[in-house]
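A short write-up of the structure that comes next.
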Amino acid sequence: MKTNILVTGGAGFIGSNFIPFFLERYPTYNVINLDLLTYAGNIHNLRGIQKNPRFKFIRGDICNRELVEFIFNEYSINGVIHFAAESHVDNSIKKPDVFIKTNINGTHTLVDVAYQFWMEKPFVYNHKYKNSVSPDKGTIFPRFHHISTDEVYGTLGPKGLFTESTPYAPNSPYSASKASSDMIVRSYHHTYGLNTIITNCSNNYGPKQHDEKLIPTIIRNAIKGNIIPIYGDGKNIRDWLYVLDHCKAIDLAYHNGKAGETYNIGGKNEKDNNYVAIKICQILDELKPKQKGSYRDQIKYVEDRAGHDRRYAIDAGKIENDLGWKAEENFESGILKAVEWYLEHYK
């Protein structure tokens, strides 16, 4: 029996890495990708799979309940993996209303439609799929998997790690909107019994990331000869996670995670922005040397971002111990792959 999975935001950075991986790994799965193609979504990210008969692209808004209901009806959706979100902190500071609409209202629309179709129409959905199991350890579907961020936890001091029990303390409109969407999904499990999973990841990097993010910004400005802007003193620390490692963790959590649970996903690669910028410059000096000097000469410190959290770091022990996941890339191996990809695609 074919399994029809609705993936939202699949033309974005993480989603467009995830879908090809997912289709290749599960030959009995069909993926229906709903994406509005805002500035951060790029249909070209999916060009390698657009002719795949098990892939269907639908351009549309997750806030459009009529459309979401149509998709559930038309394709008999029996699983959701929800990436779609506004995600750039700087943009959330300028226009928080867009983040409230998409991240909170859009998530509510999706999870409520899933509830209505899977829980309120038992003869259509629950009966049909009650014996549908994962290829691995028999998790019963349908399932709603919500992709979130470590930013919901706020900021850390010089020590300690975010765990699944860390209290939420979001500091930007973006992280507040993601925290709200997490709570909505959680409530549908605890109130209605919906089969949900939430994963909170650390900072992703790798192929297809939008130009506005830190690592693509450093690479792009470096090779164009522009200044490489670094906020504040450059000592803000992030736990960097290679995107394909994240995709593999999502796959494990979706299929084998316990209903109602949250799993934190981190790469155990804490680096401050100074280290990231200098490392990229070192790689570029080797792969694409300038006629004179080093790319490091282009680094310039600029006014810090409002509400800029000082440090994030994830304790991924739960997903490692319970599901057997472990990041395969360290930062040095992953950033080399990322720089090589951008050099190939920045012409």
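The values are calculated or read from the model by the stated rules, or taken from the named source; none is laboratory data. Owing to the predicted nature of the structure, the values given are computational and were not obtained by experimental measurement. A quick note on method: Cβ atoms are made from the backbone with ideal geometry, for glycine too, and the neighbour counts reach across all protein chains shown.
Restricting to segment 195-236, what's the tally of residues that are under 25 Å from Gly154 (Cβ atoms) and either among the basic types (Lys, Arg) or surrounded by fewer than 20 Cβ atoms within 10 Å (Cβ to Cβ) (or both)?
Count: 10.
Keeping to segment 290-314, report how many residues are of a type in the set (A, V, I, L, M, F, W, C) and either closer than 30 Å to His189 by Cβ or at pLDDT below 95 (or both).
Adding up the residues that qualify gives 3.
Which residues, counting only those in segment 283-295, are surrounded by 15 or more Cβ atoms within 10 Å (Cβ to Cβ), out of contact with any Asp or Glu (no Cβ under 8 Å at 6 or more places or on another chain) and touching a residue at least 12 places away in the same chain (Cβ under 8 Å)?
The answer is Ile283, Leu284.
Leu287 - would you say it is among the hydrophobic types (A, V, I, L, M, F, W, C), under 19 Å from Arg220 (Cβ atoms) and modelled with pLDDT of 95 or more?
Yes.
Spot the failing condition for Tyr26; the list is (1) of a type in the set (Ser, Thr, Tyr); (2) farther than 23 Å from His88 by Cα; (3) modelled with pLDDT under 95, and only one is missed.
Condition (3) is where Tyr26 drops out.
Can you run down the residue pairs with Cβ atoms below 7 Å, 6 or more apart or on separate chains, where the first is in segment 111-127 and under 11 Å from Phe144 (Cβ atoms) and the partner is modelled with pLDDT of 65 or more and among the charged types (D, E, K, R)?
The qualifying pairs are Val113/Arg65; Val113/Glu69.
Looking only at residues in segment 6-40 that are without any contact (Cβ under 8 Å) to a residue 60 or more places away in the chain and in a helix (DSSP H, G or I), which one is farthest from the chain's Cα centre (by Cα)?
In this case the residue turns out to be Glu24.
Any idea which of Thr155, Thr166 is of a type outside the set (A, V, I, L, M) and either in a strand (DSSP E or B) or modelled with pLDDT of 95 or more (or both)?
Just a single option satisfies the conditions, and that option is Thr166.
Does at least one position in segment 41-58 carry a residue that is part of a loop (DSSP other than H, G, I, E, B) and touching a Gly at 6+ places or on another chain (Cβ under 7 Å)? Steps first, answer last, please.
Step one: filter segment 41-58 for residues part of a loop (DSSP other than H, G, I, E, B), giving 41-42, 47-54.
Next cut, touching a Gly at 6+ places or on another chain (Cβ under 7 Å) only: 41.
Checked segment 41-58: at least one residue is part of a loop (DSSP other than H, G, I, E, B) and touching a Gly at 6+ places or on another chain (Cβ under 7 Å).
Across segment 237-272, which residue is modelled with the lowest pLDDT among those that are polar (S, T, N, Q) and buried (at least 21 other Cβ atoms within 10 Å of the Cβ)?
Looking at the filtered set, the residue picked out is Asn269.
From the list Ile100, Ile71, exactly one residue is part of a helix (DSSP H, G or I), at pLDDT 90 or above and out of contact with any helix residue (DSSP H, G or I) (no Cβ under 8 Å at 6 or more places or on another chain). Which is it? Reasoning before the result, please.
Details: Ile100 fails: out of contact with any helix residue (DSSP H, G or I) (no Cβ under 8 Å at 6 or more places or on another chain).
None of the other options fit; the residue is Ile71.
Give Tyr275, Tyr263, Tyr312 a once-over and let me know the one that is over 30 Å from Arg143 (Cβ atoms), among the aromatic types (Phe, Trp, Tyr) and out of contact with any Phe, Trp or Tyr (no Cβ under 6 Å at 6 or more places or on another chain).
Tyr275
List every residue pair whose Cβ atoms sit under 8 Å apart, with the two residues 6 or more apart in sequence or on different chains, where the first one lies in segment 189-215 and is over 17 Å from Thr262 (Cα atoms) and the second, anywhere, is part of a helix (DSSP H, G or I) and of a type in the set (S, T, N, Q).
Listed by first residue and then by second, the contacts come to Gly206/Asn17; Pro207/Asn17; Lys208/Ser16; Lys208/Asn17; Lys208/Asn45; Asp211/Thr217; Glu212/Asn91; Leu214/Asn273.
As an exercise: evaluate Ser177 against (1) closer than 30 Å to Tyr295 by Cα; (2) in contact with a Pro (Cβ under 8 Å, 6 or more places away or on another chain) and give the number of the one condition it does not meet.
The failed condition is (1).
Please state which of the following conditions Val124 fails to meet, knowing it meets all the rest: (1) part of a loop (DSSP other than H, G, I, E, B); (2) at pLDDT below 85.
Result: Val124 passes all but (1).
Identify, please: which residue in segment 327-347 is part of a loop (DSSP other than H, G, I, E, B) and touching a Lys or Arg at 6+ places or on another chain (Cβ under 9 Å) and is, among those, farthest from Ile237 (Cα to Cα)?
Here is the first cut: in segment 327-347, the residues part of a loop (DSSP other than H, G, I, E, B) are 327-330, 346-347.
Filter again for touching a Lys or Arg at 6+ places or on another chain (Cβ under 9 Å), leaving 327-330, 346.
Numbers: Ala327: 19, Glu328: 21, Glu329: 18, Asn330: 16, Tyr346: 27 Å.
Looking at residues that are part of a loop (DSSP other than H, G, I, E, B) and touching a Lys or Arg at 6+ places or on another chain (Cβ under 9 Å), I get Tyr346.
Of the numbered conditions (1) over 19 Å from Ile5 (Cβ atoms); (2) among the hydrophobic types (A, V, I, L, M, F, W, C); (3) within 17 Å of the chain's Cα centre (by Cα); (4) not in a helix (DSSP H, G or I), Ala85 satisfies every one except a single condition; which is it?
Against the list (1) over 19 Å from Ile5 (Cβ atoms); (2) among the hydrophobic types (A, V, I, L, M, F, W, C); (3) within 17 Å of the chain's Cα centre (by Cα); (4) not in a helix (DSSP H, G or I), Ala85 comes up short only on (1).
Determine the pairs where a residue that is among the charged types (D, E, K, R), located within segment 227-248, has a partner that is crowded, with 24+ Cβ neighbours inside 10 Å and in a strand (DSSP E or B) with Cβ atoms under 7 Å apart, the partner being 6 or more residues away or on another chain.
Short answer, once both residue conditions are applied: Asp239/Ile314.
State which residue is farthest from Ile218 (Cα to Cα) when the search covers only segment 310-326 and only residues that are part of a loop (DSSP other than H, G, I, E, B) and more than 19 Å from the chain's Cα centre (by Cα).
So, considering only residues that are part of a loop (DSSP other than H, G, I, E, B) and more than 19 Å from the chain's Cα centre (by Cα), the one farthest from Ile218 (Cα to Cα) is Gly324.
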